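The values are calculated or read from the model by the stated rules, or taken from the named source; none is laboratory data. Computed from a prediction, not measured in an experiment: that's the story for all the values here. All Cβ positions, even for glycine, are placed from backbone atoms using ideal geometry, and neighbour counts span all protein chains on display. Only protein heavy atoms, including side chains, enter the accessible area calculation; ligands, DNA and RNA are left aside. Shrake-Rupley method; radii C 1.70, N 1.55, O 1.52, S 1.80 Å.
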Amino acid sequence: MAYLDHAATTPMLDEALEAYVATAREVGNASSLHAAGRRARRRVEESRERVAAALGARPSEVVFTGGGTESDNLAVKGVFWARRGVVPARARVVSSAVEHHAVLDAVDWLAAHEGAEVGWLPVDAAGRLDPERLRAELAAHADRVALVTAMWANNEVGTVQPVAELAAVAAGHGVPFHTDAIQAVGQVPVDFAASGVSALTVTGHKLGGPAGVGALLLARDVAATPLLHGGGQERDVRSGTLDTAGVVAFAVAVEAAVKGQQEYAARVSALRDDLVRRVREAVPEVIFNGDPTDRLPGNAHFSFPGCEGDALLLLLDAQGIACSTGSACSAGVAQPSHVLLAMGADHDRARSSLRFTLGHTSTPADVDALIAALPAAVERARRAASLRSPR
Amino acid sequence: MSGGVDSAVAAARAVAAGHDVTGVHLALARNPQTYRTGARGCCTLEDSRDARRAADVIGIPFYVWDMAERFHSDVVDDFVAEYAAGRTPNPCLRCNEKIKFAAVLDRAVALGFDAVVTGHHARLGPDGLLRRSVDHAKDQSYVLAVLTRAQLDRSIFPLGDATKAEVREEAARRGLAVADKPDSHDICFIADGDTRGFLAGRLGEAPGDVVDASTGAVVGSHTGAYQYTVGQRRGLHLDRPAPDGRPRYVLSITPRTNTVTVGPAEALEVSQVRAARPVWTGGERPTAPIECEVQLRAHGDVVPATVTLDGDTLHAELRRPVRGVAAGQAIVAYRSDPAGDVVLGSATITG
Ligand SMILES: Cc1ncc(COP(=O)(O)O)c(C=O)c1O
C-alpha cells in the first residue's frame, strides 16, 4: 500500500507508541492526592513542560484537550464568550475563508446561535491571506472584534500563511489572535511566543502522536470561557480526567517532530517535488494548487481537468494508493471544497481535485506506485466524467 | 447497497463467487436534510451508515455516489409528470431503467467495472434469461423486466435462488447487522408515505368533477385528478350514491378536462391492453402472435394472453378480463417454466 494521506493522520512514532504503552500500564488519576495520582500528575506536568519547550510557550500556557477539534472550538467559542462577556458590543469574529471545518463551523455556529457577526478574510489564487485585508478589517471594526482566527497552514492545499504578520496586526489593535497550527507543527518552524499569537491549536495524530489528544496553547492574559464544565483540571478552562498515557505520548511526539523538523522538511519536500514533477509529466494538463513556495513540505495538491476527484480516489484506492479529495462530506456526498472555491476555482475544478500528502514514513516507492497507477486512473475517471451530462 | 439486508447479502455472495466487489450507496436526495428526517424509505443517512457497516463486515471498499440530480430528473420529475398526465407510474421500475442499470452501470463500466450487482429477488443465469425468484412473494422480476439485453448482460442478481427468509438467515450467519432490518415498502423519495400530499405539493390544487361513466352526471368533485388511480375505490367522497347502490371505482382519468370518471366494478374489466416501447429479452423478438402469461402491475395477478408485437407497440389479448389496468404501469410477458418463469419482454401500458 502507498499511503499518501499523512495530512489526514500519520502513523505514530515508535517512541510515542512505546511511551503510550508504558504509561497506559500504570494506574493513576492526575487529580488524585495519593502516590499513584502524584505519579500520573508528574507525567502530565513533565509532558506539559516538554510541549511548552518544543513550541516556545510557557508550561502554564499549555491546555491539554481531546484533540484539534476541541482546541479549535475552545479557542473560537471560549475566547468569543469571554471577550463579549466583558464588552457586549464585541460580537464580531474575523476568520479566513479557508479554515478547517473545526474552526469554520464553530464560527458559523456563533453566527447562527450567538448573534455573532463574521468578517471573512479572502485568500488569493494561491490560498494566501493578505495582512492588508486584516489591517483594513480591524481599522474598521477593531473595537467590536472578539477574536481573529486564521490557520497557520492549510490542510487541503498546503499553503502556509504569514501568521506572524497577521498576529502583529491583531496585536496592534489589542485583539486576540488564534491560529490552527495542526498542519504546521513538525512541518515548518512554529514558535508560540515568537509568532505573537494569543492561542494556538495543535493535535497529536498529525505529528506522530495518538488521536484524541491535543492542546490549546493559550496566552496567560487571554481568557476563554470553558466549553466543558467539571473538575476544572486544565487551568479551569477545560475539565475532564486527563488521558495520562495519551498526553505523555503526545508530548513525546511533539518534541520529536519539532526536533526533527528541519531534516524532515528537507527530505520530504524533495520527495514531494519529485512527486509533483512526475505527476505533471504523467498528466500534463494537471493544475498544481496552492502556494508554490510557502507550502507544507509534504503537500501536493492538484486539479485533474475533466475528472472527478471521487472517481480518481476510488480507482487509486483499488490500486492500493491512499489519498484524499480533501473536501468534507455532507451525508456521505463529497461537496466541492470551500478552500478551492475561496481560491477562485469553479465547481468543476474544485471537484476534480486530489490531495497527496507525504509524511515521516514516506519513501520513493510510494511515489513510484502513484505514478504507475495514475495515468490509467485519470483516463478512466475522464471516461466516467464525460457521462455526467444528462442523456 | 441501500443499507438493507438484500443488497448486503448480494454483495457478500458476489465476493464469495470470486468477484472483485466495490460497494456503492446511491445518494438520491437533493436536499441532505430529507436524508436525516426521512425515517422510512431507502435513502436516509442511517441507511447509508448501515450500508457502509455491511461493506466493512464483508471487507469491500465502499463509496457513496451522488446520483441526486439524475434521480430527480429521471425518476421524481417523471413520477410527477406521469401523474399529471393521468397515468400511474412505477418509480422503482423507472429507477432501475434510468439509474441503477443506466447511470450507475455506465459510470461503473467507465471506471473499469464489469457489472452491477444488486439485491433484487430475480434469477439471471448463464442462459441470460431473467426469471422469477424462487420466492414468489418477493419476486422483483416485474420491476427488472424493462432492462434491455445490454443492461442484463452487465447485471448480476445473486439472490434469485434464495427466499427472503434464507437471505435473512444468511445475513445473520455472515454477521451482518442488517439481518433483521425491516423491509422498505414505501416510495423512497416520499418519506412520510403520503403520495397524495407529495403530489399536491408539486402539482397544486386543481379542482374538477367526478363524473359517472354511464349517465355522464357529475357525482362529486375532486381537488386534483392526479390523486386518483384507475381501480381506486376509497377516497372518492361522492355526493350521491350510485342508483344501484353498489360501490363505484375510478375507471379513467382525463387530464385534458380534469375529470375523474367512475363506474361499477365490471366497467373496470379490461381484455385488451395496448402498450408502448416494448423491450424483448426472452429470446428472439416474436414476429407472430405468441401465447404467454402477462402481469399488469407489481404483485398483480398473472393471466394467460396472446401477445403481438408490432413496431413500437405491444398488444395483449387477455384470456380473462382483469380489473384496474392503469396506463403508465408495465405489462410484463412471462413464459412459464419449471426452472422459473422467464421474462420475455415488457412494455408501458398506454390503454
Ligand atoms: C487544520 C485542521 N484543523 C483541525 C483538525 C481536526 O483535528 P482533530 O482531528 O484532532 O480533531 C484537522 C484534522 O483533522 C486539521 O487538519
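Here is the size of segment B:201-351 from its Cα atoms: Rg then Dmax, 17.7, 53 Å. Within the full protein context, the accessible area of residue B:318 is estimated at about 10 Å² for a probe radius of 1.4 Å. The alpha carbons of chain B occupy a box of 65, 51, 35 Å along the principal axes, longest dimension given first.
In summary, segment A:340-391 shows an alpha-carbon radius of gyration equal to 1.50 times the 2.2 N^0.38 Å reference for compact globular proteins. Comparing Cα centroids, segment B:291-326 and segment A:54-82 end up 72 angstrom apart. Given segment B:206-267 reduced to its alpha-carbon atoms as identical point scatterers, what log10 I(q)/I(0) does the Debye formula return at q = 0.12, 0.19, 0.27 Å⁻¹? Result of the Debye calculation: -0.22, -0.57, -1.23.
So what is the 222 nm mean residue ellipticity for chain B from helices alone, if each DSSP H run of at least 4 adds -39500 (n - 2.57) and you divide by all residues, rounding to the nearest 500 deg cm²/dmol?
Values: 11 runs with 84 residues, N = 351.
Value at 222 nm, helices only: -6500 deg cm²/dmol.
For the chain pair B and A, the buried solvent-accessible surface (1.4 Å probe, both sides summed) amounts to about 1600 Å². Over all directions, average the projected area of the Cα convex hull of segment A:99-242 and note it in nm². That works out to 9.2 nm².
Quick check on my link table: of A:77/A:259; A:77/A:206; A:206/B:181, which ones sit more than 30 Å apart, alpha carbon to alpha carbon?
On the way: A:77/A:259 32 Å; A:77/A:206 23 Å; A:206/B:181 38 Å.
Correct reply: A:77/A:259; A:206/B:181.
Summary of the geometry: segment A:186-230 and segment B:193-239, compared by the centres of their Cα atoms, lie 65 Å apart. Projecting the Cα atoms of B:245, B:305, B:345 onto the charge dipole of segment B:243-351 (Cβ charges, centred on the Cα centre) puts B:245 farthest toward the positive pole. Just to be sure I understand: of the beta bridges DSSP finds with both ends in chain A, what percent are antiparallel, rounded to 5? Beta bridges within chain A, antiparallel portion: roughly 55 percent.
The Cα-based radius of gyration and maximum Cα-Cα distance (Dmax) for segment A:287-375 are 13.1, 36 Å.
At q = 0.10 Å⁻¹, what log₁₀ I(q)/I(0) does the protein assembly as shown have when each alpha carbon counts as one equal point scatterer in the Debye sum? Values, matching the q order: -1.04.
What fraction of the DSSP beta bridges in the protein assembly as shown is antiparallel, stated in percent and rounded to the nearest 5?
Working: 67 of 95 bridges.
Percent antiparallel among DSSP bridges in the protein assembly as shown is about 70.
Only helices enter this figure: runs of n ≥ 4 DSSP H residues, each worth -39500 (n - 2.57), summed and divided by the residues of chain A, yield -13000 deg cm²/dmol at 222 nm to the nearest 500. Separation of segment B:121-192 from segment B:250-271 is 34 Å, based on Cα centroids.
All Cα-Cα separations within segment B:269-349 were binned at 5 Å from zero, giving a P(r) of 3, 17, 31, 28, 15, 5, 1, each value a whole percent of the pairs.
What's the whole-number percent of alpha carbon pairs in segment A:14-259 lying beyond 27 angstrom? Can you show the working numbers first?
Numbers: 9670 of 30135 pairs.
Pairs farther apart than 27 Å: 32 percent.
Each 10 Å bin, from zero up to the one with the longest distance, holds this percent of the alpha carbon pairs of segment B:97-144: 25, 45, 26, 3.
Between the Cα long axis of helix A:261-282 and the first principal axis of chain A there is an angle of about 20°, rounded to the nearest 10.
A loss of 40 Å² or more of accessible area (1.4 Å probe, protein heavy atoms, ligands and nucleic acids excluded) relative to the isolated chain is seen in these residues of segment B:107-124: B:107, B:110, B:111. Average accessible surface for chain A: 39 Å² per residue, computed with a 1.4 Å probe over protein heavy atoms with every protein chain in place.
Taking the accessible area of the protein assembly as shown, probe 1.4 Å, and keeping the other protein chains in place, the carbon and sulfur fraction comes to 51%. Charge dipole (Cα centre; +1 on Lys/Arg Cβ, -1 on Asp/Glu Cβ; no other charges) of chain B amounts to roughly 320 debye.
Charged side chains reduced to their Cβ positions (Lys and Arg at +1, Asp and Glu at -1) give the protein assembly as shown a dipole of some 760 debye around its Cα centre.
Just to confirm, what accessible area per residue do you get for segment B:269-349 at 1.4 Å probe, in whole Å²? Write out the running numbers ahead of the final one.
Working: 3630 Å² over 81 residues.
Normalised by residue count, the accessible surface of segment B:269-349 is 45 Å².
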